[in-house]
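One structure below.
The values are calculated or read from the model by the stated rules, or taken from the named source; none is laboratory data. These numbers were taken from a predicted model, which means no experiment stands behind them. Backbone-built Cβ (ideal geometry, glycine too); neighbour counts: all protein chains shown.
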Amino acid sequence: MQQSIRYRTIVARTLCYLGQVSLGCVWIWSSLPKIRRPYDFLGQVYNYELLGAQAGVFMASVLPILELILGLCLIAGLFVGGALLVSGALLAMFLAAQGWVLWQGLAISCGCFGSAGEGFISYGTLLRTGLLLAVAVATYCLFILRYGSDTADRKNGVRQVAESSAAQTLTHSQLGRPMEPAVAR
């Protein structure tokens, strides 16, 4: 029984770490071409026909840096829970935008990894983004299971210590002695 729990814990931690590092690599890989050629990426943002001029500039300016920060956080193990949540939100947004492009019948490049050698948005692009979203959600769930139990144990430990110290603290009335009045000096 104890070995199977230990084995499951090791497998969950390993899968969480692999998901974390693989998403981190994808974010860094996708951010670098956008940072190197910001005007090309701005054109790709405008091709989606979802944002106006100012919002498009804002998105093209912020998104590559955010992707780079997410990648670095995931690989370095910093703010992993938040980075996984933001990753899931971004991937869901990308999935919705790509689905909208397919529904509208626009023949544009995804812009996911810069403009180098990418074809048009297709169901394969949707599948790739959906799989990355599934990895982000699964990794977040494993992360919560991994660290959520540690947090619960810590809270339970604090609660148990507080309860035991409260049980050991006896008041004068419990000892059967009258309370002595405070003497002012």
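Sort through Gly56, Gly19 and tell me the only one that's touching a residue at least 60 places away in the same chain (Cβ under 8 Å) and in contact with a Phe, Trp or Tyr (Cβ under 9 Å, 6 or more places away or on another chain). Show your work before the answer.
Values: Gly56 fails: touching a residue at least 60 places away in the same chain (Cβ under 8 Å).
Testing whether each residue is touching a residue at least 60 places away in the same chain (Cβ under 8 Å) and in contact with a Phe, Trp or Tyr (Cβ under 9 Å, 6 or more places away or on another chain) leaves just Gly19.
May I ask you to list the residues in the stretch 64-114 that are among the aromatic types (Phe, Trp, Tyr), assigned to a helix (DSSP H, G or I) and free of Cβ contacts under 8 Å to residues at least 40 places away in the same chain?
The first filter runs over the stretch 64-114 and keeps only residues among the aromatic types (Phe, Trp, Tyr), leaving 79, 94, 100, 103, 113.
After this cut, where a residue has to be assigned to a helix (DSSP H, G or I) as well, the list is 94, 100, 103.
Hits for the stretch 64-114 are Phe94, Trp103.
Consider Ala53 carefully, then state whether it is exposed (fewer than 15 other Cβ atoms within 10 Å of the Cβ), within 17 Å of Tyr39 (Cβ to Cβ) and among the small types (Gly, Ala, Ser).
Numbers: exposed (fewer than 15 other Cβ atoms within 10 Å of the Cβ): yes; within 17 Å of Tyr39 (Cβ to Cβ): yes; among the small types (Gly, Ala, Ser): yes.
Here the answer is yes, as Ala53 does meet what is asked.
Each row is one residue, and each column tells you yes or no for (1) buried (at least 17 other Cβ atoms within 10 Å of the Cβ); (2) within 17 Å of Trp27 (Cβ to Cβ); (3) of a type outside the set (D, E, K, R).
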{"site": "Ala60", "(1), (2), (3)": "yes, yes, yes"}
{"site": "Glu67", "(1), (2), (3)": "yes, yes, no"}
{"site": "Leu70", "(1), (2), (3)": "yes, yes, yes"}
{"site": "Phe79", "(1), (2), (3)": "no, yes, yes"}
{"site": "Gly88", "(1), (2), (3)": "yes, yes, yes"}
{"site": "Cys110", "(1), (2), (3)": "yes, yes, yes"}
{"site": "Gly119", "(1), (2), (3)": "no, no, yes"}
{"site": "Tyr123", "(1), (2), (3)": "no, no, yes"}
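May I ask you to list the residues in the stretch 123-168 that are among the charged types (D, E, K, R) and at pLDDT 90 or above?
As a first pass, look at the stretch 123-168 and keep what is among the charged types (D, E, K, R): 128, 146, 150, 153-155, 159, 163.
Result: Arg128, single match.
Output yes when any residue across the stretch 14-33 is buried (at least 17 other Cβ atoms within 10 Å of the Cβ), touching a strand residue (DSSP E or B) at 6+ places or on another chain (Cβ under 7 Å) and not in a loop (DSSP other than H, G, I, E, B), and no when none is.
Yes, there is a match, as at least one residue in the stretch 14-33 is buried (at least 17 other Cβ atoms within 10 Å of the Cβ), touching a strand residue (DSSP E or B) at 6+ places or on another chain (Cβ under 7 Å) and not in a loop (DSSP other than H, G, I, E, B).
Looking at the stretch 34-49, which of its residues are of a type in the set (Phe, Trp, Tyr) and assigned to a helix (DSSP H, G or I)? Show your work before the answer.
Of all residues in the stretch 34-49, those of a type in the set (Phe, Trp, Tyr) come to 39, 41, 46, 48.
Passing the criteria: Tyr39, Phe41, Tyr46.
Hey, Leu78 hits all of (1) at pLDDT below 95; (2) within 30 Å of Arg146 (Cα to Cα); (3) in contact with a Gly (Cβ under 7 Å, 6 or more places away or on another chain) but one; which does it fall short on?
With respect to (1) at pLDDT below 95; (2) within 30 Å of Arg146 (Cα to Cα); (3) in contact with a Gly (Cβ under 7 Å, 6 or more places away or on another chain), Leu78 is out only on (3).
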